[in-house]
Structure formats: C-alpha cells, structure tokens
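Presented below is the structure to which this report refers.
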Amino acid sequence: MEYKIKRRSLIAGATAGLFAPLVARPSHGQGLPLTFAGRGPITRAEAATVTRIPSGQPLVAMTFDDGPHPSLTPLLLDMLAARGIRATFYVIGRNAERHPQILQRMVDEGHEVGNHTWSHPNLHGYSDAALLSQIDRTSRAVFDAVGRSPVTMRPPYGNLYARQRLLLYHQRGMPTILWSVDPLDWQRPGSSIVAQRIVGNCHRGAVILAHDIHRATVRAMPQALDGIIGRGYRFVTMSELIGWPRWDRRRFRLLDATA
C-alpha cells in the first residue's frame, strides 16, 4: 500500500543531490534527506511515492504525460493560458529534444516539466544503469531546452519496482509521482467521458493524469478544466502541491558528478 505524502513533508534543504552528471541542481528547494510525515529519512519506496497530497486547501495538480506533441500540446497550452492555469508536463526525453521551443513556452507560461523517461519503456526488469540512463538523458534534454532540470519523475505505465523507486530517490533525489485521478483517456472513450471522469473524481490534493498526445483528451480539457474550477478547486503545479518552491522560478546550476 502506497503512502500519501503530506504537504510539506518533503522538506527543503541545502544538501540536494545530483540529478545526473553534467545536469542540473537547484540552488535551493527540495533536498536530501526527504522525510515522510515526520518519520525521518526515507528508507521505504512507498514514502518516496506520491499519489495524492492530503491538503486542507482545494488544490489539485493537472498533469500531462508523453508529450510534447508538435500540434496538440500548443493547443493545450492555449487552453491553459486562457484560464490562467499552470500544469505539470511529464515529457518523454526524445520528444523534448525534438521540440525544445514547446518546452520553453511551457516554462515561459509558468508550467512545470517533469521526467517521463527517454523512450517510454516499461522499466520493470531494467538494470540500475539502464534506468538511470533513461532518467539522465531526459533531464539533460530538458535542461538543454530550458536551463532547468526536472525534480520529479513519473514512470511509464506507473511501473517501477519499490527497489527502483528507492534507487531513483537516493541517486537522483526524485520522488516517483503517480496519480489519484485517472480518466483512462488512453482507451479513447471520447472527450465527454474523459471530462466527466476527471471532474467527477476530482478531490482535494488530487494528482490528475491525462495525456497531451491524444486529440480527444485535448478536446476534453475546456469542459474538464472549467468543471474543476466550477467545483471550487485551484490548479497548482506538482512542486507546489508537494510544498516545494515553484519550479519555473528556481535557479539551477550544472554539476559534474564525476569531478
């Protein structure tokens, strides 16, 4: 059973670890060791896994996987901008490398960029080195595009063994981000169904999963976003939901882990 990490239980510190050789480290913000609900340093993978954030405020994080898509993601960004909503995009590294201008627009408009691996594999069975390579190549691509490196990671299909989650946390300082609201948009149920599932299942501290590579999902967003707003919720990025500083306003510097 996965724990639900309390807001601000992932505390800031000055000892943030390296994300990857020659990739980025935040000059302030989340650090090591993280703590779970005041229980001390994380030694269990469940404590480094976020599915939702218990919150007394009506906050939700809208997250989008698998992009950026050259035409659909800009349309989605238009919809978000029209409503003043900031979201979190878990990008595939090779897509980020192909479309750096879309990542720059995300950052310019206040969104957060997360790590969704380089090529979207099922990471079960991957060696430690292969897993970290998927993460590091993506972090580098994002840094090259926008001068910032992702600070959270979402595994493709949600598949990451407990041991791998701990490895990712201890080696790269990244919690594993899953979700608490899933409209199953990858099954292509249609835009209205996607919107209804998102709005109907929304709750305080929700992490909402969607994909900006599906046209029907993007078409569903006006109804979904307006419906969530109508229920009194406010949108924040993943870092903000956790209780970290805004990712788009943080300063990063390059570090050489081999030095």
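Summary table
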quantity: Segment 23-250 - charge dipole about Cα centre, Lys and Arg +1 at Cβ, Asp and Glu -1, debye rounded to 20; calculated: 360
quantity: Near-label residues of segment 78-117 by backbone N, under 18 Å of a point 7 Å along Cα→Cβ of SER133; calculated: 93-95, 116-117
quantity: Sites matching trypsin sites (Lys or Arg not before Pro) across segment 42-104 that sit in DSSP coil, with at most 15 neighbouring C-beta atoms within 10 Å; calculated: ARG44
quantity: Net +/- balance of residues flanking PHE235 in space, Cβ distance below 9 Å, scoring K and R +1, D and E -1; calculated: +3
quantity: Loop-resident sites, segment 127-225, for trypsin sites (Lys or Arg not before Pro), counting at most 16 other Cβ within 10 Å (DSSP); calculated: ARG204
quantity: FRET efficiency, ASP144 to ARG249 (Cβ-Cβ, R0 22 Å, nearest 0.05); calculated: 0.65
quantity: Label point distance in nm, ILE229-ARG98, each placed 7 Å from Cα along Cα→Cβ; calculated: 3.2
quantity: Likely footprinting exposure, ASP128, ASP65, fewest C-beta neighbours within 10 Å first; calculated: ASP128, ASP65
quantity: Neighbour cut-off at most 13 other Cβ (10 Å), DSSP loop, GluC sites (Glu not before Pro), segment 59-162; calculated: none
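Only the coordinates and a few stated rules stand behind these numbers; no lab work does. Quick caveat: nothing in here was measured; it's all calculated off a predicted structure. Because the Cβ atoms are built from the backbone with ideal geometry, glycine has one as well, and the counts that use them run over all protein chains shown.
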